[in-house]
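Here is the structure we will look at, set down as structure tokens.
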Amino acid sequence: MTVAAVSTLIVGLAFGYLGQRSRFCFVGGIRDYILIRDDRLLKGTVVFFVVAGLSFALLAQFEPGGRIGFSRPDGLSLWLTAVGGFGVGFLSVLANGCPFRQHVLAAQGNISSIGYLLGFFVGAVMFHTVTAPWLLRLLP
């Protein structure tokens with residue numbers, strides 16, 4: 001195994017452990033705050049965005065031009081990303097949790113979470129084999 005595979009496994013196990021212990025969930029935090037004004041799960045979401053922002057700012061210092069390999073998307077790409085993100089978010093709310101939380105629950109043996117993830121992965125394969133080539137022909 002390569003160093004990248006081992007380091008990915010270690011980081012994944014660490015994130016999974018922390019996610020399981022903290023009950024971290026984006027959707028659940030927002031849902032709980034809106035419905036019952038409980039901000040316990042929402043704190044994890046806020047911390048995630050703060051750490052992500054600081055990490056991107058730190059990484060930008062090491063890249064020429066400070067762009068960290070990102071290109072500026074066009075309007076159609078932004079629209080398609082927003083629609084896809086809304087779809088994943090909406091379906092996650094119906095499934096009672098975000099994809100990260102579903103991974104944690106599936107690892108704990110939750111049958112409905114395993115079913116959710118099977119649908120999630122089948123959808124990802126379908127997107128990359130059917131939808132992505134079609135979109136690439138459509139986009140300039």
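Could you work out the helix-only [θ] at 222 nm for the chain, with each DSSP H run of four or more residues adding -39,500 (n - 2.57) and the total divided by the number of residues, to the nearest 500 deg cm²/dmol? If you can, show how the numbers build up before the last one.
Details: 7 runs with 104 residues, N = 140.
Taking each H run of at least 4 residues, the total per residue is -24500 deg cm²/dmol.
Considering just Cα atoms, how many Å³ per residue does the convex hull of the chain enclose?
About 174 Å³ per residue, rounded to a whole number.
Cα gyration tensor of region 1-58, axes a ≥ b ≥ c as square roots of the eigenvalues: rounded (a/c below 1.5), prolate (a/b > b/c) or oblate? Please list the in-between numbers first.
On the way: a/c = 4.06, a/b = 1.84, b/c = 2.21.
Verdict is oblate for region 1-58.
Please report the carbon-and-sulfur percent of the accessible area for the chain; probe 1.4 Å, protein heavy atoms only, DNA, RNA and ligands left out.
Answer for the chain: carbon and sulfur cover 73 percent of the accessible area.
Full-extension gain between residue 11 and residue 83, please, as 0.36 nm times their residue separation minus the C-alpha to C-alpha distance. Present the calculation step by step, with values, prior to reporting the outcome.
Values: separation 72, 0.36 × 72 = 25.92 nm, distance 2.99 nm.
In short, 22.9 nm is gained.
The values are calculated or read from the model by the stated rules, or taken from the named source; none is laboratory data. These figures come from a predicted structure and were not determined experimentally. All accessible areas refer to the heavy atoms of the entire protein, side chains included, with ligands and DNA or RNA removed. Shrake-Rupley method; radii C 1.70, N 1.55, O 1.52, S 1.80 Å.
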